[in-house]
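Only one structure is covered here, and it is reproduced in the block below.
The values are calculated or read from the model by the stated rules, or taken from the named source; none is laboratory data. If you're wondering where the values come from, they're calculated on a predicted model, not measured in any experiment. Every residue, glycine as well, gets a Cβ built from its backbone with ideal geometry; the counts of neighbours run over all protein chains shown.
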């Protein structure tokens, strides 16, 4: 899918006029192809509903900021971004840019935007944690588990950040027992970046670590990846197709009776809770172990009533 950004360039006067949602008060240096087929580096100062100043520049290109390339479509006479070539990082950057732009337009318009009422996600520590991860620096922080009365001081070696259901987690080696664990940022406080560096484990890769996981809980050491087959009613199936449960999701059947999918996944607690959230609109076909666990959970739930 290509998204037109409607930037009209005047190469003589050095000005342009833009007319679309990518209008925020920020300076970007854009690598783009403009008529007549000249590759030029331009810096565009975006202003909402205003004219934009363009100057030749040797600063960073849009590809280095957003990992995107802006090209010119001669047939439509517009610049465009090819969204099919986005990496996951660049997609999230563009989502953030769209959100920022919408919120800027929506300033002081409480009747237009309704925010979810929830606690902060601990995002104030993202920058410091990412710095420690990239520079291999140990960290120390207070961590409060929900089932404990008081927070405990932890010293850890941060390895990666992970997002799950609007919450951020730092994946780190806990020096208390040398195990890799996930720590929720909304339960983390008093973060201190220490002066001691560490050597990261050679065989750790966060994408491989969570490749067959749903959510944030990692599997037990002896746990095996399961082939899970689920059957959803046709209506619920539309949601499952638009927002897959897992990257391994494969459609086995899609008709007026059901949407049947297959997943290659660890059946952790996070995954069990997700299946339970669909209630009567999903049926587990396999594995038997998951069916047995669901039956037991439903029986316990019925006893509450």
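Summed over region 112-144, the residues that are part of a loop (DSSP other than H, G, I, E, B) and either at positive phi or more than 24 Å from the chain's Cα centre (by Cα) (or both) give a count of 4. Taken over region 268-288, the residue count meeting the criterion of being over 26 Å from residue 235 (Cβ atoms), modelled with pLDDT under 95 and in a helix (DSSP H, G or I) is 1. Being surrounded by 11 or more Cβ atoms within 10 Å (Cβ to Cβ), at pLDDT 90 or above and closer than 22 Å to residue 273 by Cβ holds for only one residue in 131, 144, and it is 144.
Of all positions in region 217-239, at least one carries a residue that is touching a helix residue (DSSP H, G or I) at 6+ places or on another chain (Cβ under 9 Å) and under 30 Å from residue 131 (Cβ atoms). Filtering region 136-157 to residues that are farther than 15 Å from residue 189 by Cα and touching a strand residue (DSSP E or B) at 6+ places or on another chain (Cβ under 8 Å) leaves 136, 137, 138, 157. Inspection of region 244-258 finds no residue satisfying the criterion of being surrounded by fewer than 11 Cβ atoms within 10 Å (Cβ to Cβ) and part of a helix (DSSP H, G or I). Entry remark, region 278-305: residues being surrounded by fewer than 14 Cβ atoms within 10 Å (Cβ to Cβ) and in contact (Cβ under 8 Å) with a residue 60 or more places away in the chain number 1 in total.
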